[in-house]
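Single-structure report; data block below.
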Amino acid sequence: MEFRDTTDEATWRREIRDFLKTNLPGDIRGKGGLFARPQGSGPWETWRKALAERGWLAPAWPKEYGGAGMGVMDQFILNEEFAKERAPQIGGLGVMMLGPTLIEHGTEEQKREHLPRILAGEESWCQGYSEPGAGSDLASLQTRAVRDGDDFVINGQKIWTSVAHFADYCFLLARTDPDAPKHRGITYFLVDMKSPGITVQPLVNMTGSHDFNEVFFEDVRVPARNVVGEVDRGWYVGTTTLDFERSSIGTAVGNRQQIEDYAGWLRENRRAVGEARYESLRTRWADRATEVQVATMLAYRVISMQAAGQIPNSEASVAKLFGSELSQRIANTAMQMLGMQGAVRQADAPFDGNVPESYLGGVSQTIAGGTSEIQRNIIATRGLGLPRG
């Protein structure tokens, strides 16, 4: 693993920094995160256009489809510099997951119909994978799709479907052959969320926000041309999508920024906190800072493997497991530091009242993208070669 930039990488890093200084609107500087579509007009549209002109909305996509055709190291540097500036990236699941899957498995008609609209911010997507009885064991899904002439008729339920309440389309896995082994007989569909028979119901999380939904499909007709890849072989298309999701790197920079913010507050409020508590909290933040350096090294390990043409497997699980549990420890330490103020969510509270939301929201970190239990199983069996069962 090489820690220093090559000459070309250093030049690329400077180009990104210069771009951010010149083009990132002040109104959205510091927003960070990944947005499924521009949040209205004004600075958001200006920012989207600036990214689109350079292919940076979808840096991994080939240039012929509107991307930048970047290699994995160039993407990593781009993501790292964006995270350092807390610059929002626009695109959501359409850019990160569906687009690369269509480029790999889709028909030319599917690519022409959807890829330009995703980049233009005219389509947003949700993911129809998890079900009440098929979360970590996704291959147990029971949503059915039955061929009827030129259509498939879909019946079933999906759950924990992020942004389904405003998504235009859903990429969905459904069982087309109930007699086949569970990893076979599954097909990958593109479903218009305005289709008759789709009902979206909100799932409000413990922070009081609404991102998740449950989605019901009742005799929903989907044209056969909306199948991606081969019928009954959608599991392999779906795992391509998951590969893109799990190779995403960037949490470490955000965690480091959080620690710097919290440690800065502690220094500024040393007198109010009291010397004994100050020393105790200072030691805890030193532990978190050490851990975030470990998370950074794990991220470098994954990207170094990808740059060498290798496929991270247990290594990606190690990075995901450590990073998600570290996010929870950071939020927990922040709550301990603030004491009773850590329960206040009003704007005049420390950090605009966001600490308790981070603490509550952190619960999902070890569930989304594969639970900690699943990650530990992968590390044990694929990384350490331990037997199952």
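Points worth noting:
This table checks each residue for (1) of a type in the set (G, A, S); (2) buried (at least 23 other Cβ atoms within 10 Å of the Cβ); (3) in contact with a His (Cβ under 7 Å, 6 or more places away or on another chain); (4) modelled with pLDDT under 95.
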| site | (1), (2), (3), (4) |
| --- | --- |
| K111 | no, no, no, no |
| E123 | no, no, yes, yes |
| D137 | no, no, no, yes |
| S162 | yes, no, no, yes |
| F166 | no, no, no, yes |
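- Some residue of region 75-95 being within 26 Å of C126 (Cα to Cα), of a type in the set (D, E) and not assigned by TED's automatic domain parsing to the domain that holds G254: yes
- Among the residues making up region 105-138, those that are over 25 Å from E214 (Cα atoms), touching a Leu at 6+ places or on another chain (Cβ under 8 Å) and among the hydrophobic types (A, V, I, L, M, F, W, C) are L115, L119.
- Among the residues of region 322-348, those that are hydrophobic (A, V, I, L, M, F, W, C), closer than 19 Å to R271 by Cβ and surrounded by 14 or more Cβ atoms within 10 Å (Cβ to Cβ) comprise M337, L338.
- Only listed residue being assigned by TED's automatic domain parsing to the domain that holds V146, part of a helix (DSSP H, G or I) and either loosely packed, with under 15 Cβ neighbours inside 10 Å or free of Cβ contacts under 8 Å to residues at least 12 places away in the same chain (or both), chosen from R267, R271, R277, R225: R225
- Count of residues meeting criterion [at pLDDT 95 or above and at positive phi] in region 248-273: 0
- Residue match in region 19-41 (condition: among the aromatic types (F, W, Y), more than 30 Å from L190 (Cα to Cα) and touching a helix residue (DSSP H, G or I) at 6+ places or on another chain (Cβ under 7 Å)): no
- Filter result for L102 (crowded, with 22+ Cβ neighbours inside 10 Å, within 28 Å of R14 (Cα to Cα) and either out of contact with any Leu (no Cβ under 8 Å at 6 or more places or on another chain) or among the aliphatic types (A, V, I, L, M) (or both)): no
A quick yes/no check of all residues on (1) among the β-branched types (V, I, T); (2) in contact with a His (Cβ under 6 Å, 6 or more places away or on another chain):
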position	(1), (2)
Y169	no, no
P202	no, yes
D211	no, no
G234	no, no
I259	yes, no
S280	no, no
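- Candidates A139, A174, A134 - the one that is more than 24 Å from I378 (Cβ to Cβ), among the aliphatic types (A, V, I, L, M) and not assigned by TED's automatic domain parsing to the domain that holds W47: A174
- Long-range neighbours under 9 Å by Cβ, at least six apart or interchain, first residue closer than 15 Å to R54 by Cα within region 66-81, second modelled with pLDDT under 90 and among the hydroxyl-bearing types (S, T, Y): N79/S248
- Taking the criterion of being modelled with pLDDT under 95 and in contact with a helix residue (DSSP H, G or I) (Cβ under 8 Å, 6 or more places away or on another chain), the residues of region 168-203 that qualify are K182, H183, R184.
- Subset tally (residues that are charged (D, E, K, R), at pLDDT below 90 and part of a loop (DSSP other than H, G, I, E, B)) for region 11-55: 4
- Near pairs, Cβ below 8 angstrom, 6+ apart or cross-chain, from region 342-355 (without any contact (Cβ under 8 Å) to a residue 24 or more places away in the chain) to any residue that is of a type in the set (D, E) and outside any loop (DSSP other than H, G, I, E, B): R345/E357
- Answer residue from region 199-212, given it is touching a strand residue (DSSP E or B) at 6+ places or on another chain (Cβ under 6 Å) and among the aliphatic types (A, V, I, L, M) and is nearest to V146 (Cα to Cα) among those: V200
- The test for being in the same structural domain as W265 (by TED's automatic domain parsing), crowded, with 16+ Cβ neighbours inside 10 Å, modelled with pLDDT under 90 and touching a helix residue (DSSP H, G or I) at 6+ places or on another chain (Cβ under 9 Å) holds for G361.
- Filter result for Q110 (closer than 28 Å to E373 by Cα and of a type in the set (S, T, N, Q)): no
- Considering region 168-191, the residues that are acidic (D, E) and surrounded by fewer than 16 Cβ atoms within 10 Å (Cβ to Cβ) include one that is nearest to the chain's Cα centre (by Cα), namely D177.
The values are calculated or read from the model by the stated rules, or taken from the named source; none is laboratory data. Keep in mind it's a predicted model, so treat the numbers as computed, not measured. Methodologically, a virtual Cβ is constructed for each residue, glycine included, from the backbone with ideal geometry; neighbour enumeration extends over all protein chains shown.
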